[in-house]
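A short write-up of the structure that comes next.
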Amino acid sequence: MYAKRYGTGEREFYFGLHGWSGDHATFAPLAAHVPARASLYSADLPGCGQSPAPRSLTLESVAGEIAEAVLAAVPPPASVTLIGNCSGAILGLLAAERARARINRLVLIDPFAYWPWYFRVFVAGNFGRYAYRTTFANPLGRWLTNQSLRSRRTADTDLTHSFGKIDHDVAQSYLALLAGVEGVERFESLRGVPIDIVYGERTFAAVKKSVGIWQSVWPHARAGVLRGAGHLPILEATAQLARIVFEDDGRANNLTATATEAVEAARESEARI
């Protein structure tokens, strides 16, 4: 797997995993915020960007390759904060199960705890393939989709821009893989790892609902709203996110400590949209 390094610090290590249709450049906005003491590695998932195709297109194989990349990037015995954006959060959790001894913290950005119907449509046989190609492989389809989702993003961002430069067969394959992930209860084994969940104030309702689901699995997890952001918090709330990722000060950065507080924050933000 290809991974770009931002920063040269050797005291703290961070490893970022992009979401669906992304690549290592997803984390580029955070580069200017990496502390002198730290290094941030941003990877291309197997088959994406500059990374070769996965050895096998299965969840187990892909998760294994990610775990290997994390362990190879960070010199032992140092530990690493694993950052997963959107669907990259799920893949990060699968990798963390395999490299848990070296994971000191998880940061999940806009993570889905379940697969909404509007994603499942795109893996429904021949119809799903047609729907996917019409929506994401076609420039007009991308424009229409981005316009229809304007309430889930800021005015200067584009939720479908990255689809113009990807391998669509790979992207659709990842959707099919992620649709096969079991319930979030499988991740109960990560309860001992510090976990922060952050999400955009204007993101999808399914992400907001997911916060409470995640915290039912990990009661210790903290959660926080990134004010003004939609589903692209790395671009839309860079400074807010950087403080949470690199400073890890929950009270200063609007991270709550309980599922109840997180769910209430989600309800309030939905009411304002």
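A few comments on the model shown:
- Conditions (1) surrounded by fewer than 20 Cβ atoms within 10 Å (Cβ to Cβ); (2) under 17 Å from the mean Cα position of the chain (by Cα); (3) within 15 Å of residue 19 (Cβ to Cβ); number of the one not met by residue 170: (2)
- If you filter region 1-36 down to residues that are in contact with a Phe, Trp or Tyr (Cβ under 9 Å, 6 or more places away or on another chain) and of a type in the set (Lys, Arg), you find that the one that is most open to solvent (accessible area, probe 1.4 Å) is 5.
- Whichever residue in region 179-193 is part of a loop (DSSP other than H, G, I, E, B) and buried (at least 16 other Cβ atoms within 10 Å of the Cβ) and, among such residues, is modelled with the highest pLDDT: 193
- Residues in region 40-61 that are surrounded by 21 or more Cβ atoms within 10 Å (Cβ to Cβ) and closer than 24 Å to residue 79 by Cβ: 7 in all.
- Selected residue (criterion: surrounded by the most Cβ atoms within 10 Å (Cβ to Cβ)) from residues of region 94-113 that are farther than 18 Å from residue 255 by Cα and of a type in the set (D, E, K, R): 102
- The set of residues in region 188-208 being under 14 Å from residue 105 (Cα atoms) and touching a Phe, Trp or Tyr at 6+ places or on another chain (Cβ under 9 Å) consists of 190, 191, 193, 195, 197.
- Any helices (runs of 4 or more DSSP H) falling wholly within region 97-160 and containing at least 1 residues that are modelled with pLDDT under 95 and over 30 Å from residue 14 (Cβ atoms): 117-120, 125-132
- Looking at region 195-273, the helices (runs of 4 or more DSSP H) lying wholly inside it that each contain 1 or more residues that are modelled with pLDDT of 60 or more and of a type in the set (Val, Ile, Thr) sit at 205-217, 233-236, 238-247.
- Filtered residues of region 157-199 (kept if hydroxyl-bearing (Ser, Thr, Tyr), more than 17 Å from residue 85 (Cα to Cα) and touching a helix residue (DSSP H, G or I) at 6+ places or on another chain (Cβ under 7 Å)): 189
- Here the condition is being more than 15 Å from the chain's Cα centre (by Cα) and either on the phi < 0 side of the Ramachandran plot or not hydroxyl-bearing (Ser, Thr, Tyr) (or both); of 52, 29, it holds for 52 alone.
The values are calculated or read from the model by the stated rules, or taken from the named source; none is laboratory data. All of these numbers come straight from a predicted model, not from anything done at the bench. Every residue, glycine as well, gets a Cβ built from its backbone with ideal geometry; the counts of neighbours run over all protein chains shown. Each accessible area value is taken on the protein alone, full model and side chains, heavy atoms only, with ligands, DNA and RNA left out. Shrake-Rupley method; radii C 1.70, N 1.55, O 1.52, S 1.80 Å.
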